[in-house]
Each structure stands twice: as C-alpha cells, then as structure tokens.
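S.K.: Below you will find the structure I want to go over with you.
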Amino acid sequence: MQNEIHLQSRTRLQDYEPIVGRSCLEELRILSEKFSGKVIQIINSTSIGGGVAEILEHMVPLLNQLGVDVRWNVINGSDEFFEVTKKFHNALHGKRERILTRDFDLFSEVTERNLKEMSFYGDILFVHDPQPVGLIAKKKEIGRKWLWRCHIDVSSPDKKVWSFLRRFIVDYDAAVFSAPNFAQQLPIRQFLVTPSIDPLSDKNKELDSGTIDAVLAKYGLISDKPMITQVSRFDRLKDPLGVIEAFEMVKKNIDCQLVLAGGTATDDPESEEVLEEVRKRAEENPDVHVLLVPPESDVDINALQQAATVIIQKSLKEGFGLTISEALWKAKPVVASAVGGIPLQVKNKFTGLLCYTVEGAAYALKQLLSNPEYASQLGQNGKEHVKQNFLITGHLKNYLLMFLALDQMSEVVHF
Ligand code: UDP
C-alpha cells in the first residue's frame, strides 16, 4: 500500500504485566475482540520526529498484537506545503503568522492530490492533526466513520486559520483533544484522551550505566557537573534561547552544564534555522552543549534524559509535551512552563516545578540543584503520576473505547 508505514513489534504485550498488572491487559484483550473484521486506518503527515509519530510508532504494533487491524498511512506533502502547515501550527497555538490566500490554496491543492492518490480502506479513518484534515472530503463518497485527532492546544487559535480548518472538522463524526482546555466548541461529538509514553520502548526503558556513559562520550559530554537538559525539536515555541538565558542565571551561583538535545522533523522546515540561532548563541558559553540528535536515536535520547540532574521544558506553547512524561517516568525532577498539557503532568511542588518566566525557570532550577532530596522526591512522585495516568496501556484502552463508541454511534450497542 502506498505510503504505508510498516513497524516491527519491539515489545510483547505480556511484558507490560509487571508494570500495569494483569487485569489491565485482560481489559485490552476483551475490548480488542470487538474489532474482529474491522480495519482502522490512521493517517498523519510524518512517520519520523515529534510526539505524534512517537506515539503511533509504539501504539500501532501493540494494537496489531491485540489482533486489531490497524494500518498507518502518511500523506504526501511538498516542502512548501509543510511550510504552510507549520505556519498553521504556530497560528493555532496563538502565534502571529502572515498567512496568505496562496497558502490556503496550496493546502487545498495538496489535499486534492492526496485525495486522488491515497486509498481509503478503513472502517474507521483516524486522521491526526491539521495537515491531512481536508481528506474528510472523501466521506461524501465513501461514508464510514471519521475521527479527527487534534494534538495541538487550540484554545486560543488564530481565527482565520481556525475557521478555515473548522469547515473540514465539522464534517467528521467526532474530534479528539488531549484535554478539556485544549478544545473548541464544535457541533460534533468530542472525546478527551491524554497521550502517553511506552515504558518499555528504547526511549523509556531502564539503561545500564555503561550504555549511558557511552552515549555521553559519543556526544562529547562529561558528567563532571550537574546537567540540566532539554530535549526538543529545534523550534522557537520550545524556547531554546530562553533556556540558555535561564541557565546563565543559574550558572552565576551553581556550577553546572546545559544540554540542548534535539533533532528535526520532516514536517518541520523551520528547525534548521532555529538550530543555527541556538548554536550561535551557545558559542559564547562552553558549558552549553547543543546536540543535533539524528532521527530514531531513542536510546541516545533516553540516555541523555537519564543522565540529567534536572530536566527542563521551557516551552512557550505546547501540545501535551511528551518529554515531560518521559522525564518523570525516569523519576527526574522537572522544571517546566505552565503551558499546554504540561500542568496535567507537572503538579506544582508535587511532581515538579512549574515556571512562567525565564527568571522563574532559573529560580526553580536553582532550588532543585541545591536541594537534591527535594528534587528526588518530586521525581518519585512524578513517576507514580505517569504510571497512573500516562502509560500506553491506558491510552490504548481509551482509544479502543472511543473506536467502539464511534463504530456503534448509530447502531445498537452490544457489549
Ligand atoms: N524527540 C526525539 N528526538 C529529538 C527531539 C525530540 O526523539 O531530537 C522526541 C521526544 O523524546 C518526544 C517527542 O520527540 O518523544 C516530542 O514530543 P513532544 O510532545 O514533547 O513535542 P512535539 O515535538 O510533538 O511538539
């Protein structure tokens, strides 16, 4: 099948039992039986980079193991198209962007092309984020159940972009948001499902100290001083320059180093430019390490997170912010901005520290670096919070229940 992403299962369902318990897996098995003979077709815009690809990569093979026929397709888009959709992404987050009529036209042209080139074979079509949202036009011809999954905080979007996208969204059977405060008023059914991390993935499994040291050596890092780390695509909304500023304030009182580790995503054309800006800014300070991490370097990211003394996520806007759950699962103390889905994960002074400004971030970092016991307690609480709320098994259950509700929306429900 054209543009179909094929994934190998790297973990077995039963391996999750020691973490989440037998009954949780039993529930998943019972729910999965309801999908016999049905196909769920996932459509998004990239299979590499960013949180959406990260989740799908682990979720699709697990659903397949459960016997659910889930297949994943990626749309075709040109560089210009992804420049437009990146502007949409920023504008939906409330950032000012100059969006022209020809940008909307290009979006529509690429949508038309994908409508012609792609196959739509699912009983449920599960479309992620704005890039492929226009594919809903196919529903008039083929029917079926269509679900739009929004990973963005669209609580205060640019009106022009939102009203353009809304015309497509209202034709879906339902929309899915990560949290109530991300959502918009819509005349269709809405589901709220928080994202998750896979505790057994290369990104999150426990690593031995030899592996961690080897990764540090590979990136030229020495763990001779406390390490503050931010893992993020090089994106202005992740505020890498703000992180450096906060770090410099901390550094006046505490000897430490900063690691800014990130890569690029195929649907994010801005990242090269941002990386250059960050590198330039970091040149002046030998304790700031800017690491370009190649795609699919999950063990490297894991090791960098595990090696951190404190993890920071100083985003200006955020979707859910998977990096937070990743850090907390490793029992790391976290300093993070109170934006998007971060407050769902960081309960201030219980599972980490929230910040609102560069100065606030610096103050919180100092607090954690100078009080290791407090930092460790926050990290432990954070791990438990993630275990209860943000693991992939719970996420799968919520999705299966949602598919079931959608599949039977106009039918009699047989449980
Ligand atoms: N990530 C990665 N390599 C990088 C930068 C980020 O693997 O160089 C991962 C990160 O560990 C997380 C995801 O990409 O799993 C980012 O998801 P998040 O929700 O934090 O942010 P998004 O990129 O979707 O805005």
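S.K.: What residue, among those in segment 24-72 that are under 22 Å from Gln408 (Cβ atoms) and among the small types (Gly, Ala, Ser), is nearest to the ligand (Cβ to nearest atom)?
M.R.: Ranking the qualifying residues of segment 24-72, first place goes to Ser32.
S.K.: Follow-up question, since we're still on this one. Where residues in segment 225-258 are within 11 Å of the ligand (Cβ to nearest atom) and within 20 Å of Leu92 (Cβ to Cβ), which of them is most open to solvent (accessible area, probe 1.4 Å)?
M.R.: Once the filter is applied, the top-ranked residue is Arg233.
S.K.: A further question on this structure: For Lys87, which of the numbered conditions (1) surrounded by fewer than 16 Cβ atoms within 10 Å (Cβ to Cβ); (2) farther than 30 Å from Ser201 by Cα fails to hold?
M.R.: Answer for Lys87: the failing condition is (1).
S.K.: Something else now. Could you tell me whether Ala261 is within 19 Å of Leu207 (Cα to Cα), outside any helix (DSSP H, G or I) and within 16 Å of the ligand (Cβ to nearest atom)?
M.R.: Values: within 19 Å of Leu207 (Cα to Cα): yes; outside any helix (DSSP H, G or I): yes; within 16 Å of the ligand (Cβ to nearest atom): yes.
The answer is yes for Ala261.
S.K.: Can you tell me which residue among Ser178, Ser156 is hydroxyl-bearing (Ser, Thr, Tyr), within 23 Å of the chain's Cα centre (by Cα) and within 16 Å of the ligand (Cβ to nearest atom)?
M.R.: Step by step, each of Ser178, Ser156 is checked, and only Ser178 is hydroxyl-bearing (Ser, Thr, Tyr), within 23 Å of the chain's Cα centre (by Cα) and within 16 Å of the ligand (Cβ to nearest atom).
S.K.: Going by what's in this entry, would Val215 be described as of a type in the set (A, V, I, L, M, F, W, C), under 27 Å from Gly382 (Cβ atoms), within 14 Å of the ligand (Cβ to nearest atom) and open to solvent by 20 Å² or more (accessible area, probe 1.4 Å)?
M.R.: In short, no.
S.K.: Further question: Filter the helices (runs of 4 or more DSSP H) completely within segment 288-362 down to those with at least 2 residues that are within 22 Å of Val274 (Cα to Cα).
M.R.: Because the criterion is at least 2 residues that are within 22 Å of Val274 (Cα to Cα), the helices (runs of 4 or more DSSP H) in segment 288-362 that meet it are 298-307, 322-329.
S.K.: Please state which one of Lys205, Lys116, Lys160 is open to solvent by 30 Å² or more (accessible area, probe 1.4 Å), touching a residue at least 12 places away in the same chain (Cβ under 8 Å) and not in a loop (DSSP other than H, G, I, E, B).
M.R.: Lys160
S.K.: For segment 343-358, which residues satisfy the criterion of being surrounded by 14 or more Cβ atoms within 10 Å (Cβ to Cβ) and on the phi < 0 side of the Ramachandran plot?
M.R.: Pro343, Leu344, Gln345, Val346, Lys347, Asn348, Thr351, Leu353, Leu354, Cys355, Val358
S.K.: Also: Being within 23 Å of Ile152 (Cβ to Cβ) and over 18 Å from the mean Cα position of the chain (by Cα) is the filter here; which residues of segment 47-72 pass it?
M.R.: Listed by number, the list holds a single entry, Val70.
S.K.: Please indicate, with yes or no, whether at least one residue in segment 12-23 is in a loop (DSSP other than H, G, I, E, B), within 16 Å of Asn204 (Cα to Cα), of a type outside the set (Gly, Ala, Ser) and more than 16 Å from the ligand (Cβ to nearest atom).
M.R.: Within segment 12-23 (the criterion being in a loop (DSSP other than H, G, I, E, B), within 16 Å of Asn204 (Cα to Cα), of a type outside the set (Gly, Ala, Ser) and more than 16 Å from the ligand (Cβ to nearest atom)), the answer is yes, since at least one residue qualifies.
S.K.: Same structure again: So which residues in segment 277-306 are of a type in the set (A, V, I, L, M) and more than 15 Å from the ligand (Cβ to nearest atom)?
M.R.: Ala282, Val288
S.K.: Restricting the first residue to segment 82-111 and requiring it to be farther than 20 Å from Leu135 by Cα, which pairs with a second residue that is hydroxyl-bearing (Ser, Thr, Tyr) meet a Cβ separation below 8 Å and a spacing of at least six or different chains?
M.R.: Gly94/Ser156
S.K.: Looking at (1) away from the ligand (no atom under 14 Å from the Cβ); (2) open to solvent by less than 30 Å² (accessible area, probe 1.4 Å); (3) over 14 Å from Lys238 (Cβ atoms), find the lone condition where Ala361 falls short.
M.R.: The failed condition is (3).
S.K.: Related question: Can you report the number of residues in segment 174-187 which are open to solvent by 10 Å² or more (accessible area, probe 1.4 Å) and either among the hydroxyl-bearing types (Ser, Thr, Tyr) or over 17 Å from His151 (Cα atoms) (or both)?
M.R.: 1
S.K.: Can you confirm whether segment 393-403 contains a residue that is closer than 19 Å to Pro199 by Cβ and touching a Ser or Thr at 6+ places or on another chain (Cβ under 6 Å)?
M.R.: For segment 393-403, residues closer than 19 Å to Pro199 by Cβ and touching a Ser or Thr at 6+ places or on another chain (Cβ under 6 Å): present.
The values are calculated or read from the model by the stated rules, or taken from the named source; none is laboratory data. It should be emphasised that the depicted structure is a prediction, and the values quoted were computed from it without experimental measurement. Positions of Cβ are backbone-derived with ideal geometry, glycine not excepted, and every protein chain shown enters the neighbour counts. These area figures cover heavy atoms from the full protein model, side chains too; ligands, DNA and RNA do not enter into them. Shrake-Rupley method; radii C 1.70, N 1.55, O 1.52, S 1.80 Å.
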